[in-house]
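Worksheet: one structure, shown below.
Readers should treat all values here as calculations from the given coordinates under stated rules, not as data from a laboratory. Note that the coordinates shown come from a computational prediction; the quantities given were computed from them, not determined experimentally. All Cβ positions, even for glycine, are placed from backbone atoms using ideal geometry, and neighbour counts span all protein chains on display.
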């Protein structure tokens, strides 16, 4: 028996009430299956996933064909798995066999209202696709409805920083509770703002590359080029340049190479593979 409120075991005793009668208000997807049926085991996780995703848009009724032989026969099941969509007390659609998720969605879309899209997830998707304005509009609306949602607030500040509004981003950072400033997302934002502020007067990247070709140990060029790489999200290249700077002149600007590396580690998080690689390199260099 599933713990989900959207999934239940249907039997001959409860089928009339929980499937036929209940389908007057909520579509019921009846999945007839058996333990020995391999396609049933392929299909069931997909149906369960969709039931959770639709959040009550339909109910998933599981009928064990071996335990409910009379009910299975009354449903006219001739092969397993058999899936029947019941609406208003009538079988309105269905299929046999383990269809791919995309095909099952097509069946559901004809009869079941699609689940509402999570606005936060939509904003994240727009952000990843490069639509900063679209993400900003959604997050701004969410922030107005729930100003206490710190995840939304920090994301808003991050987007403002990306647009060059570092003052607003810093205001958000300063407004956070002390314990929240220690959280990963807040530390990421603080590091990003700092990198953006440092980048304000950077020479063109091509100029810095030319300087390093003339002098591969030029500390200023190594540092400034590393900041370019950070802002382009070329983090491995940035960390490599900072290691080179430490090797060339570890004391440059009071050890800014090490400081910047640590800030970059904070920004990316310990699970980032580049962080693990360059943390080891930093350790080796220090010891």
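Given labels modelled 7 Å from the Cα in the Cβ direction, how far is it in nm from residue 13 to residue 79?
3.3 nm
Roughly how tilted is helix 256-268, in degrees to the nearest 10 and between 0 and 90, from the longest Cα axis of the chain?
The helix 256-268 is inclined about 10 degrees to the chain.
What ranking do 20, 44, 239 get, fewest neighbouring Cβ atoms within 10 angstrom at the top? Display every interim value, and only then the final one.
On the way: 20 14, 44 19, 239 25.
Going from sparsest to densest Cβ surroundings: 20, 44, 239.
Please report, in Å, the Rg and the Dmax of the chain, where both are computed over Cα atoms only.
Here Rg and the maximum Cα pair distance are 28.4, 85 Å.
Counting other beta carbons within 10 Å of each Cβ, put 23, 226, 175 in order, fewest first.
On the way: 23 23, 226 28, 175 12.
Ordered from fewest to most neighbouring Cβ atoms within 10 Å, 23, 226, 175 come out as 175, 23, 226.
Just to confirm the number: angle between the C-alpha axis of helix 38-54 and the first principal axis of the chain, 0 to 90 degrees, nearest 10?
Compared with the principal axis, the helix lies near 70 degrees.
Can you give the angle from 0 to 90° between the axis of helix 184-198 and the longest principal axis of the chain, with both taken from C-alpha atoms, to the nearest 10?
Between the helix axis and the principal axis of the chain, the angle is about 40 degrees.
Any idea what the relative contact order of region 7-109 is, in percent, if you count C-alpha pairs under 8 Å spaced at least 6 apart? Walk me through the numbers on the way to the answer.
On the way: 166 pairs, mean separation 38.3, N = 103.
Normalised by residue count, the contact order of region 7-109 is 37 percent.
Of all DSSP beta bridges in region 7-109, what percent run antiparallel (nearest 5)? Before the final figure, lay out the partial values.
Numbers: 11 of 20 bridges.
Taking every DSSP beta bridge with both residues in region 7-109, the antiparallel ones total about 55 percent.
So for 240, 165, fewest C-beta neighbours within 10 Å to most, what's the order?
On the way: 240 18, 165 13.
In order of increasing Cβ crowding within 10 Å: 165, 240.
What is the distance in Å between the Cα centroid of region 2-49 and that of region 200-275?
57 Å
Contact order normalised by length for the chain, with contacts defined as Cα pairs under 8 Å and 6 or more residues apart; what percent is it?
Details: 347 pairs, mean separation 32.5, N = 287.
Over the chain, the number comes to 11 percent.
When DSSP beta bridges are limited to those with both residues in the chain, what percentage is antiparallel, rounded to the nearest 5?
Numbers: 11 of 20 bridges.
In the chain, DSSP labels about 55 percent of beta bridges as antiparallel.
Once the Cβ-Cβ distance between residue 143 and residue 254 is put in as r, and R0 is 30 Å, what FRET efficiency do you end up with, to the nearest 0.05? Numbers along the way, then the final one.
Numbers: r = 38 Å, r/R0 = 1.27.
For residue 143 and residue 254, the calculated efficiency is 0.20.
Give me the extension gain from residue 274 to residue 236: residue separation times 0.36 nm, minus the current Cα-Cα distance, reported in nm with one decimal.
Here the segment from residue 274 to residue 236 would lengthen by 13.1 nm.
If I model a spin label at residue 36 and residue 262 as a point 7 Å from the Cα along the Cα→Cβ vector, what separation in nanometres do I get?
Here the modelled spin labels are 6.6 nm apart.
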